[in-house]
Amino acid sequence: MKKFYVTTPIYYVNDKPHIGHAYTTIIADVFARYYRQKIGKENVFFLTGTDEHGAKIAQAAKKNNQSPKDFVDQISSQYQAAWKALEISNDYFFRTTDPDHKKIVQDMLQTLYDRGFIYKSLYKGIYCVGCEKYLTEDEIINERCPHHPTTELAEQEEENYFLKLRDLAPKVLEALETERYRVLPSARKSEILSKIRGGINDISISRTGVDWGISVPWDDKHTVYVWVDALFNYYSATRIVSQKEHFWPADLHLMAKDILWFHALIWEALLLALDKELPKVIFAHGFFSIDGQKMSKSLGNIIDPLELVNSYGTDGVRYLLLTSFAFGNDGDISLSKFNEKYNADLANGIGNLVSRIARLCEQSKHNFIPIFKKIKYQSDLSIEKAMAEYRPDEALKIIWNQIQEFDKDIHNDQPWTLDGEKLQQTLETYVRRIVPIAHNLEPFLPSTAEKIISIFGADEIVKPKPLFERKK
Ligand code: MSP
């Protein structure tokens, strides 16, 4: 693999970020950092950003008595601040209100129109502003959208431009069947396959009642449907950011299952119609609840990632979110168990291990620099396998097993009973062992890894302040 381009969804700016958004973004960050180690920094492009157009955002701005532009600037910067606090290493932060993006979307749309993939027709349907889409009959339960039960559904009838999705669907199906692109996990692929085989209708890709968006280039009474505008971000970024053209197609589009359909069918249809290469992997992880309940405004259980960072620190949050449930599956985040887990795995686990070794090294007064300088990072095959199978949580488990094994070995060696040559040799093996663990940990807990490496790479090793302060 020569390059790796990974993306998160671009998040809606109708409200500030929460830990659902943080989860996907941390996972993407882990992949980006892992591949930077593997194939070099310059060969990785990691994109995240905000989705800033559409009726939902315009309504939120109005409710807040702000112009849409002021409103989106404010929320988008809250996303950027949250990602900074979580040490997200994105190479670029995409905003759909960027004028360069507007131009690219308009060019793409014009091409689709010129190639005959777009036509105008009357549309009548039930629209959910929360989802930013027309609902089909089976998606409406008790006259409500199950995902947005407090949103009034409105019947809309208007002239729209349509994409000939029905004609494009067989081509998408063939591309998925022949693995020109992959949808993962495989159970999700089966869902997508059967949905496409069940028959696809054309979709409306413009609106007349929504001003906050990109205008359709040949008919400025219409605004480009926000999902079409948003999906193009992945491609646009490779044109807008200098010297990133060669990163297209994306290697990994990450998201949760809620928006898989847009990425697994509509995005591919648009790209195929434009003769563009398809992304390699679309990975949809599960949805998580908080202490057994769906995160929602009405339940008041929406958690701000910054609050969690205040309690557990950046790496604490990254660790606790990454290990809460199996990546790919639906899960639950049990906040009540965070303190216990933090103490067991971080304060007593890696934190204690590092300070034990550092203290022994300090007391030995030995010089470890020559040993440190000779350490070579060999790739760990089990971690490589886990990452290649899109199991970052599994890779982290492997590292934690190594930490536990290490603890046991120290217990058995009883280095505090040793002295002279024997003590020196034992401590040298520890330094040779802890530094690669830190290296493997870097994609997951970047600042902890950096601290460990600088403790053991220092001219004199001294017992550091606790890496993780124990919680009472
Ligand atoms: N703007 C669109 C995406 C456009 S991409 C071209 C959108 N935005 S969103 O703000 O609603 O973000 C949805 C994404 O947030 C999910 O796909 C997932 O990545 C993340 N999550 C939000 N809540 C989550 C959970 N409770 N659990 C897991 N992921 C969560 O859709």
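Out of all DSSP beta bridges with both ends in region 4-285, state the antiparallel percent to the nearest 5. Mind dumping the intermediate values first?
Working: 21 of 42 bridges.
Antiparallel bridges make up about 50 percent of those DSSP assigns within region 4-285.
For the chain, the longest stretch holding no GluC sites (Glu not before Pro) located in a DSSP loop with at most 15 other Cβ atoms within 10 Å is which?
Working: sites that count: GLU143, GLU152, GLU179, GLU277, GLU389, GLU460, GLU469.
Formally, the longest exposed-site-free interval is 1-142.
Viscosity 1.567 mPa s, temperature 4 °C: give me the Stokes-Einstein translational D for region 336-456 in µm²/s, with Rh taken as the Kirkwood radius over C-alpha pairs. Let's see the in-between values first.
Working: Rh = 15.3 Å.
Taking Rh from Cα pairs, D becomes 85 µm²/s.
Counting only the backbone N, which residues of region 3-20 are under 16 Å from the spot 7 Å out from the Cα of SER77 toward its beta-carbon?
The answer is 16-17.
Which angle from 0 to 90°, rounded to the nearest 10, does the C-alpha axis of helix 392-413 make with the longest principal axis of the chain?
That works out to roughly 10 degrees.
Treating the beta-carbon of each Lys and Arg as +1 and of each Asp and Glu as -1, no other charges, what is the dipole magnitude of region 4-285 about its Cα centre, to the nearest 20 debye?
Working: 34 positive and 39 negative charges, 142 e Å.
Magnitude of the dipole: close to 680 debye.
Between GLN404 and LYS257, what length comes free when the chain is fully extended (0.36 nm per residue of separation minus the Cα-Cα distance, one decimal in nm)?
Values: separation 147, 0.36 × 147 = 52.92 nm, distance 3.40 nm.
Result: 49.5 nm gained on full extension.
By DSSP, what percent of the beta bridges with both residues in the chain are antiparallel, rounded to the nearest 5? Walk me through the intermediate numbers first.
Working: 22 of 46 bridges.
So the antiparallel bridges in the chain amount to around 50 percent.
For region 102-161, which trypsin sites (Lys or Arg not before Pro) pass both filters: DSSP loop (anything but H, G, I, E, B) and at most 13 other C-beta atoms within 10 Å?
Values: sites: LYS102, LYS103, ARG115, LYS120, LYS124, LYS133, ARG144; in loops: ARG115.
In loop regions of region 102-161 (DSSP not H, G, I, E or B), the sparsely surrounded trypsin sites (Lys or Arg not before Pro) are ARG115.
Please compute the Cα-Cα pair-distance distribution of the chain with 10 Å bins starting at 0, giving whole percents from short to long.
That works out to 4, 18, 27, 23, 14, 8, 4, 1, 0, in percent per bin.
With Cβ to Cβ distances under 15 Å as the rule, what net charge do the other residues near GLU428 carry (K, R +1; D, E -1)? Don't skip to the end; give the middle numbers.
On the way: positive: LYS365, LYS373, LYS374, LYS376, LYS422, ARG432, ARG433; negative: GLU362, ASP409, ASP413, ASP419, GLU421.
Combined, the nearby Lys, Arg, Asp and Glu give +2.
Which of the residue pairs LYS3/LYS195; LYS297/LYS397; LYS16/LYS195; LYS337/LYS451 have a Cα-Cα distance greater than 28 Å in the structure shown?
On the way: LYS3/LYS195 32 Å; LYS297/LYS397 33 Å; LYS16/LYS195 33 Å; LYS337/LYS451 26 Å.
Violating the 28 Å limit, Cα to Cα: LYS3/LYS195; LYS297/LYS397; LYS16/LYS195.
Rounding to the nearest 20 debye, state how big the charge dipole of the chain is about its Cα centre with +1 on each Lys and Arg Cβ and -1 on each Asp and Glu Cβ. Provide the component values of the computation, followed by the final result.
Working: 60 positive and 65 negative charges, 213 e Å.
With only Lys, Arg, Asp and Glu charged at Cβ, the dipole is about 1020 debye.
Given a 1.4 Å probe and the protein chains all in place, what does the accessible area of PHE468 round to, in Å² to the nearest 10?
Surface open to solvent at PHE468 totals about 20 Å².
Quantify, in whole percent, the carbon and sulfur part of the accessible surface of region 336-456 (1.4 Å probe; protein heavy atoms only). Present the calculation step by step, with values, prior to reporting the outcome.
On the way: 2950 of 6110 Å².
Summing carbon and sulfur atoms, their accessible area is 48 percent of the total for region 336-456.
How would SER334, SER206 rank on accessible area, largest to smallest, probe 1.4 Å?
SER334, SER206
Subtracting the Cα-Cα distance from 0.36 nm times the residue separation, let me have the gained length for GLU450 to GLN425 in nm, one decimal. Spell out each step's value before the answer.
Details: separation 25, 0.36 × 25 = 9.00 nm, distance 2.45 nm.
Answer, rounded to one decimal: 6.5 nm.
In terms of the Cα gyration tensor, with a ≥ b ≥ c the square roots of its eigenvalues, is region 209-274 rounded because a/c is under 1.5, prolate because a/b exceeds b/c, or oblate?
Details: a/c = 2.03, a/b = 1.32, b/c = 1.54.
Oblate is the answer for region 209-274, as a/c is 1.5 or above yet b/c matches or exceeds a/b.
Counting only the heavy atoms of the protein chains, how much of VAL6 is accessible to a 1.4 Å probe, in Å² to the nearest 10?
Probe radius 1.4 Å; accessible area of VAL6 about 0 Å².
Could you list which residues have their amide H under 5 Å from that of HIS222, counting only those 5 or more apart in sequence or on another chain, with H placed in the peptide plane?
Close amide H contacts, sequence-distant or interchain: VAL216.
Roll a 1.4 Å probe over the protein chains and send me the accessible area per residue for region 336-456 in Å².
Working: 6110 Å² over 121 residues.
In whole numbers, region 336-456 has 51 Å² accessible per residue.
Which of rounded, prolate or oblate describes region 345-400 when judged by the alpha-carbon gyration tensor and an a/c cut-off of 1.5? Write out the running numbers ahead of the final one.
Details: a/c = 5.89, a/b = 1.65, b/c = 3.56.
Verdict is oblate for region 345-400.
What are the extents of the Cα atoms of region 4-285 along their three principal axes, in Å, largest first?
Principal axes ranked by extent give 52, 49, 39 Å for the Cα atoms.
Using only alpha carbon pairs under 8 Å that are at least six residues apart, calculate the relative contact order of the chain and give it in whole percent.
Over the chain, the number comes to 16 percent.
Note down the nm distance, to one decimal, between modelled labels 7 Å out along Cα→Cβ at GLU137 and at SER194.
2.0 nm
Using DSSP to call loops (not H, G, I, E or B), can you name the trypsin sites (Lys or Arg not before Pro) in region 226-313 whose Cβ has at most 14 other Cβ atoms within 10 angstrom?
On the way: sites: ARG239, LYS244, LYS257, LYS276, LYS280, LYS294, LYS297; in loops: LYS244, LYS276, LYS280, LYS294, LYS297.
Taking region 226-313 and a limit of 14 other Cβ atoms within 10 Å, the loop trypsin sites (Lys or Arg not before Pro) found are LYS276, LYS294, LYS297.
What Cys residues in the chain have no fellow cysteine's beta-carbon under 4.7 angstrom?
By the Cβ distance rule, which asks for a partner under 4.7 Å, the isolated cysteines are CYS361.
Taking a label point 7 Å from the Cα of LEU299 along the Cα→Cβ vector, which residues of region 146-166 have an amide N closer than 18 Å to it?
Inside the label zone: 146-151.
If VAL72, VAL210 are ordered by their accessible area, calculated over protein heavy atoms with a 1.4 Å probe, which sequence runs from highest to lowest? Numbers along the way, then the final one.
Working: VAL72 0, VAL210 30 Å².
Reading off the accessible areas and sorting them downward yields VAL210, VAL72.
Past 23 Å, Cα to Cα, is the threshold; run LYS2/LYS385; LYS373/LYS463; LYS41/LYS341; LYS69/LYS244; LYS41/LYS84; LYS38/LYS257 against it and keep the listed order.
Working: LYS2/LYS385 18 Å; LYS373/LYS463 20 Å; LYS41/LYS341 32 Å; LYS69/LYS244 27 Å; LYS41/LYS84 19 Å; LYS38/LYS257 28 Å.
Pairs exceeding the cut-off: LYS41/LYS341; LYS69/LYS244; LYS38/LYS257.
Pick out, from ALA395, ALA458, ASN64, the residue whose Cα sits farthest towards the positive end of the charge dipole of the chain, with +1 on the Cβ of Lys and Arg and -1 on the Cβ of Asp and Glu.
ALA458
Expressed in nm to one decimal, what extension gain is obtained for the pair ALA344 and GLN363 from 0.36 nm per residue of sequence separation less their Cα-Cα distance?
Details: separation 19, 0.36 × 19 = 6.84 nm, distance 2.62 nm.
Stretched out fully, the ALA344 to GLN363 stretch lengthens by 4.2 nm.
What shape does region 1-153 take by its C-alpha gyration tensor, where a ≥ b ≥ c are the square roots of the eigenvalues and a/c under 1.5 counts as rounded, a/b above b/c as prolate, and the rest as oblate?
prolate
The values are calculated or read from the model by the stated rules, or taken from the named source; none is laboratory data. Everything numeric here is computed off the predicted structure, so don't read it as measured data. As a convention, Cβ positions derive from the backbone with ideal geometry for all residues, glycine included, and neighbour counts pool all protein chains shown. Quick note on the areas: whole protein, heavy atoms, side chains included, nothing else; ligands and nucleic acids left out. Shrake-Rupley method; radii C 1.70, N 1.55, O 1.52, S 1.80 Å.
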